[in-house]
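Report on one structure; see the data block that follows.
Just so it is clear, none of the values below were taken in a lab; they were calculated from the coordinates. This one's a predicted model, so the numbers in the text were calculated from it and none came from an experiment. In this analysis, Cβ positions are derived from the backbone assuming ideal geometry, glycine residues included, and neighbour counts consider all displayed protein chains.
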Amino acid sequence: MIEFLKEFWEFLRIRKKYWLLPIIIVLIVFGGLIVLTQGSAIAPFIYTIF
Amino acid sequence: MTSVLGISAFYHDSAACILIDGKIIAAAQEERFSRKKHDPSYPYNAIEFVLKYSNLKLSEVDYIVFFEKPFLKFERLLETYVAFAPKGFSSFAKAMPLWIKEKLFQKNYLYNKLKQHDKDFISNKNIYFSEHHLSHAASAYFPSPFNEAVVLTADGVGEWATTTVAIGKKNDLEIKKEIHFPHSLGLLYSAFTYFTGFKVNSGEYKLMGLAPYGKPIYEDKVKKLIDIKDDGSFRLDQRYFNYATGLTMTNDKFNNLFGQKPRNPKNEKITQFHMDIASSVQKVTEEIILKLAKSIREEYKIKNLCLAGGVALNCVANGKILNEKIFENIWIQPAAGDAGGSLGAALALWYVENGNQRKIDLNDNMNGSYLGTEYSQDEIEKELLLIGANFKTFSYNELIDKTSKFLSQEKVIGWFQGRMEFGPRALGNRSILADPRSNTMQKNLNLKVKYRESFRPFAPSVLREDLSKWFNMEVDSPYMLLVTNVNSQKTYKMTEEETKLFGIDKLNIQRSEIPAVTHVDYTARIQTVDRIRNKRYYDLISKFKEITGCPILVNTSFNVRGEPIVNSPSDAFNCLMGTELDYLVIGNCILDKNEQNQSLLKNYSTEFELD
């Protein structure tokens, strides 16, 4: 996890996309909760986004 | 010795490839092993195959490279959702759990999967990530026979880019310009694929095949969706599309523009409307590609063009670039879709990142795209015996003689030889072959062998030396990626009455001496066959020519609709027993359908989900 955070921070720094950070933190905290409580995540069929 | 393992996965068409000292040793798509068409899952079997073929354990591989950057894709996702908010919440709510649970941690996920191949693989330090379109560009430039080329890539979307222009010089490749999501030529084409009732990501071929039956009467309406500049750059009017935020490709505004809802393939037939739509979007696509090609030719003054990305599989558009003589030479990556991304990622690492020198082969470095599995005569016979097949074994010359004779008697042959092709086209190693002179062959092959729509055309394999006698083309097309006209000396003019016919009715008119491979607009998707790339196939067609005077065979992929191309002798045998193929020729063995155990017959028409 620490390696992931380091790499992600590096990514934000190089791309100069710090403004994404609050969104990501909120997502990971809440999303993490949802995922942990829900079980499996299933991809919808359209490929554009995912 | 340095090895690079390239992987593409988790989207569609997962694949793996291996380079040793820069040479492409093996490459294969996961779908061929898993038997699920366009399989997007981790390519375990494909990786196992390329490792085994190159006699390597995973822990001995020097570099592992994935074909795109997950973080960058995540950035695009978030920014797109922010840009369109509050629209798109339902899509957002579906996408985020998937990303937060899995996709964002792709390196770790990949590492854990890779560990399954070899217990001695204990470090993720040699896992790298290329960019989606750099991978495409590298797959087009580095195997090409050019020392310098301008590289055009176009597809649905990778991370941000949907269309790029890159310049390749010696062992360097640099992306110069990009068009970003949501403006995408691939997605425009896919939107119409969806609208006409075909499956996105696999039905694009059908749309292209349908186009010649229609007239481009909706061209102006299609152009309302897209603003095309003189240099070929474009912007899509997002008010008509739903893919950026929704779970469908198009929306009500799009439907209103064309006056119909998307066709439901389960209960609605293809009508002239769909053919005219196909024709219109194909025409606009060609216009954009031609403008792009002309502008980059003028801007960079380089005479060679390389193409890749899913849009480069639009062989009709490729043929137009060729016929307009915009570039002196064109080379198209045979695995132009995402499967080829595995190859491109590995090549990009080897040349761009590591700076290794290139050795150019004038015939290209793709080995005819014969990079997949192969079976020795021994293995074939063992497997055939095991599954209860009745077969006879012949010498090389006997095999060629017999097979060509069967073909001349209008028998349909399953032809399984040598190494499997990499990419979506069968190029004479995993092919169904037939006589192109037969007037009923196209219909029969479609309905009785491939179980697919009767409008779909078949492609010819032609001896390289006879190419220009039969088709309006003078350059090699070994990968079946260029469409051109049948030579007018070989075609029959339509009567006035016949020209008035619409749509599928045109199919029944004999259009040329080789009606099975002449599309309704007198075009054909050419594969040139030469002795160097595929000797056995070359010898077969030569013998067929000796008997019939015709140096051409119908070549279609060895599968039925919805099934991946056959990979093993058992797959081929199953296909023989489930369709109206007459013979299976596999290695030096010939199997006569009539001599097989009737209890082994299969019902293949419902075996695979329709694509």
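Once the mean 1/r over all distinct Cα pairs of the range B:225-380 is inverted, what Kirkwood radius in angstroms do you read off?
The Cα-based Kirkwood calculation yields 19.4 Å.
What is the diffusion coefficient of the range B:8-136 in µm²/s, taking the Kirkwood radius over Cα pairs and the Stokes-Einstein relation at 25 °C with a viscosity of 0.890 mPa s?
Details: Rh = 16.0 Å.
Estimated via Stokes-Einstein, D reaches 153 µm²/s.
So what are the three principal axis dimensions of the range B:50-203 from its Cα atoms, in whole Å, longest to shortest?
Projected onto its principal axes, the Cα set of the range B:50-203 covers 49, 42, 29 Å.
Report the far tail of the P(r) of the range B:80-128, meaning the percent of Cα-Cα pairs longer than 17 Å.
Working: 614 of 1176 pairs.
Roughly 52 percent, rounded to a whole number.
Can you pull the one-decimal nm distance between simple spin-label points at B:Lys493 and B:Glu328, each 7 Å off the Cα toward Cβ?
3.9 nm
Treating only the Cβ of Lys, Arg, Asp and Glu as charged (+1, +1, -1, -1), what charge dipole size does the range B:377-600 show about its Cα centre? Round to the nearest 20 debye.
280 debye
Label points 7 Å out from Cα along the Cβ direction at B:Glu474 and B:Gln598: separation in nm?
According to this spin-label approximation, the distance is 5.7 nm.
Using the C-alpha atoms of the range B:415-571, what convex hull volume per residue, in cubic angstrom, is computed?
Values: hull volume 17.4 nm³, N = 157.
Taking only Cα atoms, the range B:415-571 has a hull volume of 111 Å³ per residue.
Among B:Lys405/B:Lys545; B:Lys325/B:Lys493; B:Lys177/B:Lys229; B:Lys448/B:Lys593; A:Lys6/B:Lys115, which pairs are too far apart, with a Cα-Cα distance over 18 Å?
B:Lys325/B:Lys493; A:Lys6/B:Lys115
If you count the DSSP beta bridges with both ends in the range B:377-600, what percent of them are antiparallel, to the nearest 5?
75 percent
If you average 1/r over all unlike Cα pairs in the range B:169-214 and invert the result, what Kirkwood radius do you get in angstrom?
12.7 Å
Per the Cauchy relation, a quarter of the hull surface: what is the mean projected area of the convex hull of the alpha carbons in the protein assembly as shown, in nm²?
29.0 nm²
Roughly how many debye, to the nearest 20, is the charge dipole of chain B about its Cα centre, given +1 on each Lys and Arg Cβ, -1 on each Asp and Glu Cβ, and no other charges?
Here the size comes out at about 860 debye.
Checking the a/c ratio against 1.5 first, then a/b against b/c, what shape does the Cα gyration tensor give for the range B:486-611?
It is oblate, given that a/c is not under 1.5 and a/b is not larger than b/c.
Under the definition of partner shielding as Cβ atoms of other protein chains within 10 Å of a residue Cβ, what is the mean value for peptide B:86-99?
Rounded to a whole number, the mean comes out at 4.
If the only charges are +1 at each Lys and Arg Cβ and -1 at each Asp and Glu Cβ, what is the size of the charge dipole of the protein assembly as shown around the Cα centre, to the nearest 20 debye?
Details: 83 positive and 77 negative charges, 215 e Å.
Computed charge dipole of the protein assembly as shown: roughly 1040 debye.
Rounded to whole Å and sorted largest first, what semi-axes of the equivalent ellipsoid does the C-alpha gyration tensor of chain B yield via the square root of 5 times each eigenvalue?
Numbers: eigenvalues 242, 194, 117 Å².
Gyration-tensor ellipsoid for chain B: 35, 31, 24 Å.
For B:Arg76, B:Arg239, which order do you get if you count the other beta carbons within 10 Å of each Cβ and list the fewest first?
Exposure proxy ranking, most exposed first: B:Arg239, B:Arg76.
For peptide B:198-207, compute the average count of partner chain beta-carbon atoms within 10 Å of each residue's beta-carbon.
On the way: counts 0, 1, 4, 3, 0, 0, 0, 0, 0, 0.
That average works out to 1.
Could you calculate the contour length gain from B:Lys382 to B:Glu299, that is, 0.36 nm times the residue separation minus the distance between their Cα atoms, to one decimal place in nm?
24.1 nm
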